[in-house]
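Reading through the structure tokens given below for one structure.
Taken together, the values in this text are just the output of simple stated rules run on the coordinates, not laboratory data. As the structure is a computational prediction, the values presented were derived from the model and not from experiment. Positions of Cβ are backbone-derived with ideal geometry, glycine not excepted, and every protein chain shown enters the neighbour counts.
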Amino acid sequence: MLLLGPLLAAMVVAGYPFRRRIYAFACAALFAPPLAEDERTVYFSYRPTIDPFTVSALGLRGGGASDTARVLALAALEEHDNALLVIPRSDAISLFGLSEDELLDESATDLFIPGNLDAALAYLETELAIRQGTEGSPRRLLLVADCEDEAERIRRLVTQYPGGVSAVLLGEWPAEQATVNEDGSVVLPPDFTGCLPRRLPAMSRREARDRLHAAIDAQRPTKPTYARRSSRR
């Protein structure tokens, strides 16, 4: 019993630095200054299951339209093994914050960044025409772009090849559009019921760019490593 008192006192003293660290971390979390939008790092977030191929042409509008376009584009890359994301350079810059020459020489198998929307549509038209009459399960094609002045051309493409290509469209899409508010809440037209969750997570350009590069890195084949032979005899 005589030894128990000093032992307990030593345990309390030893635990003091640990308690102090916990208190310091708690104070830092409570009183740290807020970060700018692109500096925030979210470690835990709700990400509902999203299928960007549910409808042939999905127009987006509202304060959360760009975030939703990013989420859908990344869903094609991260969650679908047999898909190809086609996104014009201008949209890759505006949505993912890429530079003019970033990923120019990239050979990612699931991503194609043509110079502009005309080149993207020309590629899709050629690819879909070649596929006609072929057997098997071809890769699903997803176009993510501002429709600019090519709305009628895009409409003809998705109508002519139902199930062959899907499009997520920003800008002045003349058909029905889903409205995504800044808080992530989604308002869908009647024909699109169920194609998107009622609420979508926000996604900054910085986070989207990081995930885009991570998806590309995951597609690169790993080079075999060989043990070096010893030069000693």
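What to note about this one:
- Model label points for R199 and D101, set 7 angstrom from Cα along the Cα-to-Cβ axis, are 4.4 nm apart.
- Packing, taken as the mean count of other beta carbons within 10 Å per residue, orders the peptides 185-198, 119-132 from highest to lowest as 119-132, 185-198.
- Estimated inter-spin distance, V187 and A175, nm [label 7 Å along Cα→Cβ]: 2.1
- Subtracting the Cα-Cα distance of D81 and D217 from 0.36 nm times their residue separation leaves 47.5 nm of extension gain.
- Cβ-based charge dipole, the stretch 59-128, positive-most Cα from L128, G64, L74: G64
- Farthest toward positive dipole pole in the stretch 130-191 [+1 Lys/Arg, -1 Asp/Glu at C-beta], among G184, S137, T159: S137
- Pairs of Cα atoms nearer than 8 Å and 6+ residues apart set the relative contact order; for the stretch 53-174 it is 38 percent.
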